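The structure under discussion appears below in the form of structure tokens.
Read-outs: derived from the displayed coordinates by stated rules, not from any lab. Keep in mind the model is a prediction, meaning the values are calculated, not measured. Quick reminder, even Gly has a Cβ in these numbers, built from the backbone with ideal geometry, and neighbours come from all protein chains shown.
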Amino acid sequence: MKRPTFIDISMPISMDVITDPLPLAPKIHYSDHDAGVAQMLPFFPGLAVEDLPEGKAWAVEELTLSTHSGSHMDAPWHFHPTTHHGATRAPTIDEAPLDLFLRPGVKLDFRHFADGYVATAADIAAELERIRHELKPYDIVLVNTAAGAAYGSADFVARGCGMGREATLYLTERGVQVVGTDAWSWDAPFVHTAKRYAETRDPGIIWEGHKAGREIPYYQMEKLHNLSALPDHGFTVACFPVKIARASAGWVRAVAIVEAIA
């Protein structure tokens, strides 16, 4: 029996790669096996460093980071305190129903769109027609943008297209409840939106894809990775978020599973 192929579509939490604006960048303090000795000995009175194999203890790390660092999943609570037009309280990440996070995946290839472009419902419809896929309720829709190829570059945060309110509602009105992007945000990069806002003074364009969750709740992954390695469809996405009490988001190790053809 052939085993399925597992494709890692998550990026690591790292201090070495720019994946956030600098004020939001994660910080990691590494303690190696020598530093771990001082941490271990107090747990076992009488234990000496010479008693440990090669005088080594454990390695451990301490992190200072946001729930939105690295590959993560936003809960509706991140977008707004209520959803369904104010009728219900928006759920936090620990309230997310787990059955949403192991579902068929669909990839939209939007790498050709310019950085800062806001994708529309028509763009989604055209891409679904191109890949010959009929969207189904609970499909997990992943958006491959130009940001994917910019991973590791200083301008990563400014790269890729965004998904606007119209595009987001196109998906959620058809029963999609989980989406993802390889860009820093589901919305267009802020640097581009700020320029448009300076010209139009239209506040409706600010974070419009996220704010679509005020109308229909959905869960949104950001800063995914390696989406270009995926087929257009015919794979399963596993993307269970870390359970953090009352949080707006949780880190996620997203994986695409492509079944082997016998």
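Label separation (ALA126 vs LEU22): 3.9 nm, computed from points 7 Å beyond Cα along the C-beta direction. By other beta-carbon atoms within 10 Å, ranking HIS78, HIS112 with the fewest at the front produces HIS112, HIS78. For the residues MET163, MET40, MET15, a GNM of the chain with alpha-carbon springs under 10 Å puts the largest fluctuation on MET40. Summing Lys and Arg as +1 and Asp and Glu as -1 over all other residues whose Cβ lies under 14 Å from the Cβ of TYR138 gives a net charge of -1. Distance from the alpha carbon centroid of segment 52-106 to that of segment 158-226 works out to 18 angstrom. Subtracting the Cα-Cα distance of ALA149 and LEU100 from 0.36 nm times their residue separation leaves 14.8 nm of extension gain. Projecting the Cα atoms of PHE235, ALA87, THR193 onto the charge dipole of the chain, computed from C-beta unit charges around the Cα centre, puts ALA87 farthest toward the positive end.
If you wrap the tightest convex hull around every Cα atom of segment 145-184 and split its volume per residue, you get 61 Å³. Ratio of Rg to Rh for segment 20-100: 1.27 [Cα atoms; Kirkwood radius as inverse mean 1/r over pairs].
Radius of gyration over Kirkwood radius for segment 67-109, both on Cα atoms: the Rg/Rh ratio is 1.03. Using only Cα positions of the chain, each an equal point scatterer, no hydration layer, compute I(q)/I(0) via Debye at q = 0.07, 0.14 Å⁻¹ and quote the log10 values to two decimals. Values returned for q = 0.07, 0.14 Å⁻¹ are -0.29, -0.94. All distinct Cα pairs of segment 92-166 go into the 1/r average, and the inverse of that average, the Kirkwood radius, is 14.0 Å. Over all Cα atoms in segment 113-214, the spread is summed up by Rg and Dmax: 13.6, 39 Å. Each Cα pair of segment 180-225 feeds into the Kirkwood radius, which the Stokes-Einstein equation turns, at 37 °C and 0.692 mPa s, into a diffusion coefficient of 286 µm²/s. Which residue, THR19, PHE113, PHE6, has the largest displacement toward the positive end of the dipole of the chain when charges sit on each Cβ (Lys, Arg +1; Asp, Glu -1)? The listed residue farthest towards the positive side: PHE113.
Of all DSSP bridge pairs formed entirely within the chain, close to 65 percent run antiparallel. Overall size of segment 45-152 from C-alpha positions, given as principal axis extents largest first: 70, 39, 27 Å.
Sorting the Cα pairs of segment 178-262 by distance into bins of 10 Å, from 0 upward, gives 14, 37, 31, 15, 3, 1 percent per bin. Each of the peptides 96-104, 249-257, 212-220 was scored by the mean count of other Cβ atoms within 10 Å over its residues; in descending order, highest first, they stand as 212-220, 249-257, 96-104.
Residues THR145, THR120, THR200, THR19 in ascending order of nearby Cβ atoms (within 10 Å, fewest first): THR200, THR120, THR19, THR145.
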